[in-house]
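Report on one structure; see the data block that follows.
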Amino acid sequence: MASLSINQQVGYVAPESLAEAVALIAHDPLAQILAGGHSLLAAIKLDKIRPSVLIDLSRISGLETVDWTPADAIALKVGAMASYRQIAEDSRIQLAYPVLATAAAAIGDVQIRNWGRLGDVFAYRQLACDLLAAALTLEAVFVTETAAGSQRHSAMAFISDLYAADAADSNSRYLVTRLEFPSAQPSTSAYTFFKHAASGHTLCGAAVAAQTNSSGTVEQCRIALAGSAFSPMRLSAIEVLLTGNLPMAAVLSTVEAQVNDLVLAAFASKGAIVCEGVSADYVAYLSGVAVVRALTTALA
């Protein structure tokens with residue numbers, strides 16, 4: 001069997017400053033950011049994208065840091081070159097943002113978590129979508145750098161724009177430098193996922209951040225769903241359904257059914273990307289189960 005190889009000429013450059021990297025992106029619309037790069041290199045081998053040059057961020061200092069300032073409104077800042085393993089194994093993140101740590105731990109295998117970087121998810125619209133669900137639920141802020149300067153984007157706006165863009169030019173306008181997470185969060189959070197057995201990609205992953213009062217009634221709830229087969233989404237209608245109610249079996253059954261319908265609608269719209277050999281009905285069913293399990297874990 002012939003092995004896959006890169007059958008196109010691709011340039012390579014490793015800038016040592018953020019300004020240099022931004023200038024390179026602005027100069028060449030076909031340039032592609034390399035941040036870890038497992039999915040990117042596979043996509044090039046399969047001829048899904050044809051970049052003119054790869055811009056490697058590994059030599060830019062400061063992008064790999066995880067800054068923790070719990071007294072500030074922005075308690076956590078994670079650089080674009082922080083590894084999945086850094087995020088998954090940071091005890092501070094595990095305690096304050098368990099949904100983020102669990103989502104990072106869900107990505108790939110040990111080798112991928114060691115080598116893969118947070119920026120992989122945004123440099124090329126990677127199928128490791130777990131962190132996108134966590135970012136939506138925690139209402140993260142994406143900080144980007146362009147030729148015009150630094151900009152801040154809500155998770156909802158940034159992720160919607162990311163998936164609206166063509167995969168080949170999804171990073172041509174900006175460079176993600178870090179994610180910021182507000183200190184004010186619901187009291188508990190959880191992440192539940194189902195993997196594709198062959199590829200290891202997440203078919204669906206549900207992120208939940210919630211808070212209940214002394215009687216068990218849901219006072220605050222954020223739910224996001226992501227998967228390799230559809231665009232990440234914040235489940236606002238489900239949040240409204242749960243808020244003010246006790247998470248009884250009948251309520252959770254309604255939640256599961258509504259999530260199923262939402263995912264089927266996503267497949268029927270432009271939100272569907274690839275189904276990896278499984279049916280839309282199957283992914284929709286698993287999505288409903290994942291949301292209910294994440295809710296049950298978060299509210300336990």
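The values are calculated or read from the model by the stated rules, or taken from the named source; none is laboratory data. The model shown is predicted, which means the values in this text are computed figures rather than measured ones. Here Cβ is always computed from backbone atoms with ideal geometry, including for glycine, and neighbour counts include all displayed protein chains.
Applying the criterion of being farther than 17 Å from residue 206 by Cα and small (Gly, Ala, Ser) to the residues of region 273-285, the residue that is modelled with the highest pLDDT is 279. Looking at 91, 83, just one residue is of a type in the set (Gly, Ala, Ser) and loosely packed, with under 15 Cβ neighbours inside 10 Å, and that residue is 91. The condition (being within 19 Å of residue 108 (Cα to Cα) and either buried (at least 16 other Cβ atoms within 10 Å of the Cβ) or among the acidic types (Asp, Glu) (or both)) is satisfied by just one residue among 297, 188, 192, 212: 192.
Checked against the criterion of being modelled with pLDDT of 95 or more and more than 15 Å from the chain's Cα centre (by Cα), the candidates 187, 199, 253 yield just one match: 253. When restricted to residues that are farther than 14 Å from residue 289 by Cα and at pLDDT 90 or above, region 203-234 contains 16. Flag not set for residue 102, criterion: farther than 26 Å from residue 223 by Cβ, in contact (Cβ under 8 Å) with a residue 60 or more places away in the chain and not assigned by TED's automatic domain parsing to the domain that holds residue 197.
When you check residue 66 against the structure, is it under 23 Å from residue 138 (Cβ atoms), of a type in the set (Val, Ile, Thr) and touching a residue at least 12 places away in the same chain (Cβ under 8 Å), yes or no? It is true that residue 66 is under 23 Å from residue 138 (Cβ atoms), of a type in the set (Val, Ile, Thr) and touching a residue at least 12 places away in the same chain (Cβ under 8 Å). The requirement of being modelled with pLDDT of 95 or more, in a helix (DSSP H, G or I) and not charged (D, E, K, R) is satisfied by residue 135. The numbered conditions (1) of a type in the set (A, V, I, L, M, F, W, C); (2) in contact (Cβ under 8 Å) with a residue 24 or more places away in the chain; (3) over 25 Å from residue 163 (Cα atoms) are all true for residue 241 except (2). Among the residues of region 50-80, those identified as crowded, with 19+ Cβ neighbours inside 10 Å and hydrophobic (A, V, I, L, M, F, W, C) are 54, 55, 57, 60, 63, 75, 76, 78, 80. The condition (being within 23 Å of residue 193 (Cα to Cα) and assigned to a strand (DSSP E or B)) is satisfied by just one residue among 78, 143: 78. Among the residues of region 199-220, count how many are touching a residue at least 40 places away in the same chain (Cβ under 8 Å) and on the phi < 0 side of the Ramachandran plot. Total satisfying the criteria: 13.
Of all residues in region 20-40, those being in a helix (DSSP H, G or I) and more than 19 Å from the chain's Cα centre (by Cα) number 8.
Residue-by-condition table, conditions (1) over 27 Å from residue 9 (Cα atoms); (2) out of contact with any helix residue (DSSP H, G or I) (no Cβ under 6 Å at 6 or more places or on another chain); (3) of a type outside the set (A, V, I, L, M):
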| position | (1), (2), (3) |
| --- | --- |
| 32 | no, yes, yes |
| 45 | no, yes, yes |
| 50 | no, yes, yes |
| 72 | yes, yes, yes |
| 75 | yes, yes, no |
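In this structure, residue 240 does not qualify as among the aliphatic types (A, V, I, L, M) and surrounded by 19 or more Cβ atoms within 10 Å (Cβ to Cβ). Summed over region 106-123, the residues that are assigned to a helix (DSSP H, G or I) and crowded, with 17+ Cβ neighbours inside 10 Å give a count of 6.
Taking every residue in region 10-32 that is within 18 Å of residue 149 (Cβ to Cβ) and pairing it with any residue that is at pLDDT 90 or above and in a loop (DSSP other than H, G, I, E, B), at least 6 positions away or on another chain, the pairs with Cβ-Cβ distances below 6 Å are 18/60; 21/15.
Residues that are at pLDDT 80 or above, under 27 Å from residue 283 (Cα atoms) and touching a Lys or Arg at 6+ places or on another chain (Cβ under 7 Å) within region 147-184 comprise 156, 162, listed in sequence order.
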